[in-house]
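Data block below; observations after.
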Amino acid sequence: MNCTKCKTRAVIRLPRHNAAFCKNCFNGFVHDQVARAIKSEKMFEKDDRILIAVSGGKDSLALWDILLKLGYRADALYVNLGIGGYSEQSHAKVTKFGEVVSASYGVTLHLHMLEQEAGTGIRELAQFAHRPTCSACGTIKRYQFNRVAIDKHYDVMATGHNLDDEAARLLGNILHWQDEYLDKQGPSLPASVEGFAKKVKPLYRLSERELAAYAVLNRIDYIVEECPMAKGSKMLQYKEVLNRLETESPGTKQTFYWGFLEKQSKKQPSATTMSEKDQAILQPCSSCSQPTTAEVCSYCKMMARAKGGFSGEQAARL
Ligand code: AMP
Ligand code: FES
Ligand code: ZN
């Protein structure tokens, strides 16, 4: 098998593009896909300050590597959720990679330790709050990503969500007809209200398999293990189904998710834009000031339960 571009020996075949690439041409392909995503979705410009949420997994570490190689100014944030050995390992991978890139590019890695703030890890915290662990974890991550981006004046916050993540989420939303979430499924969400950072997903054109290959070929040392809490989750089931379809008909995920984005972009602009809708329903949390639909945001409610910090009257209102 030879490289479609330069005809030397290929190291990876990409059925959905009907192509095969050598290491150099594959790296060029990956960088080009990310550059196209950034440009077509107006994610950020060369002088913007970017904050990448890094989990220690292949996608977010590859994203950090790619943005730096493309010449962007990108720092990173890791949230340690206190999930035993899994968090210890991912923390170690992130700090090791952070040391290498800060030596070469002078960038910063911010660390947030949930146990230091809440006095406990995510599993216990979710129990106090009577919430499934993954949903409590989602609240904490979204909150911390936004808080650090706003407090440290980053122009934009980026995550490592890839094509498989977005196609699986879209499938879940459609299966349950959660159309209210569809407007927020684009790879670039504006800072709709004060206190909300702009959020982007520059890897939405690349599949999980392509990103794993990129990480391996470029010697990015990442945590291979999935979070133990995610076992049996709906998201993993949707990914499995989509992978089966992809094997039978290469390009299925791309057609599904990119096709959705194209349809959304052609939709008549509704009378109320996303920003107007957000402005109408969001107000500053009375405890932390981050935008929320309730009087107290779900993050503050959870932390208050964990710390037993609210008075009886306040707790009754939650
Ligand atoms: P996941 O929800 O685990 O698929 O992760 C999606 C994206 O969220 C990752 O690519 C990262 O950008 C970000 N992320 C997940 N977990 C963390 C974490 N503990 N700290 C910082 N960023 C994270
Ligand atoms: Fe949050 Fe697994 S990463 S529960
Ligand atoms: Zn709050």
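Observations on the model:
- Its relative contact order, with pairs defined as Cα atoms under 8 Å and 6+ residues apart, puts segment 19-100 at 26 percent.
- Result for the chain in a Gaussian network model with C-alpha springs under 10 Å: among HIS161, HIS17, HIS130, the largest mean-square fluctuation is at HIS17.
- Between LYS42 and MET1, the distance separating the two model label sites (each 7 Å from Cα on the Cα→Cβ line) works out to 3.9 nm.
- Across all directions, the average projected area of the convex hull around the alpha carbons of segment 161-238 is 6.8 nm².
- If the segment from SER275 to CYS134 were pulled out straight at 0.36 nm per residue, it would be longer than the present Cα-Cα gap by 48.0 nm.
- A full extension of the chain between MET235 and ARG209 corresponds to an added length of 7.7 nm, given 0.36 nm per residue minus the alpha carbon distance.
- Rg of the Cα atoms in segment 242-291, relative to 2.2 N^0.38 Å, amounts to 1.89.
- Beta bridges by DSSP in the chain, antiparallel share as percent, to the nearest 5: 35 percent
- Helix axis angle, 163-175 relative to the chain longest principal axis, alpha carbon, degrees: 60 degrees
- Given LYS46/LYS267; LYS234/LYS266; LYS184/LYS267, the pairs whose alpha carbons are separated by over 18 Å: LYS46/LYS267; LYS234/LYS266
- Between 0 and 90°, nearest 10: helix 133-151 axis offset from the chain longest Cα axis: 90 degrees
- Taking 1.306 mPa s as the viscosity and 10 °C as the temperature, the Stokes-Einstein diffusion coefficient of the chain based on its alpha-carbon Kirkwood radius rounds to 76 µm²/s.
- Mean separation of Cα contacts under 8 Å, 6 or more apart, over the residue count of segment 186-301: relative contact order %: 25 percent
- Applying 1/(1 + (r/R0)^6) with R0 = 51 Å to the Cβ-Cβ distance of GLU194 and ARG244 gives a FRET efficiency near 0.70.
- When only Cα pairs below 8 angstrom with a gap of at least 6 residues are kept, segment 82-173 shows a relative contact order of 18 percent.
Computed from the coordinates by the stated procedures, all read-outs in this text should not be read as laboratory data. Model, not experiment: these values are computed from the prediction. Note that we place each Cβ from the backbone using ideal geometry, even for glycine, and neighbour counts take in every protein chain shown.
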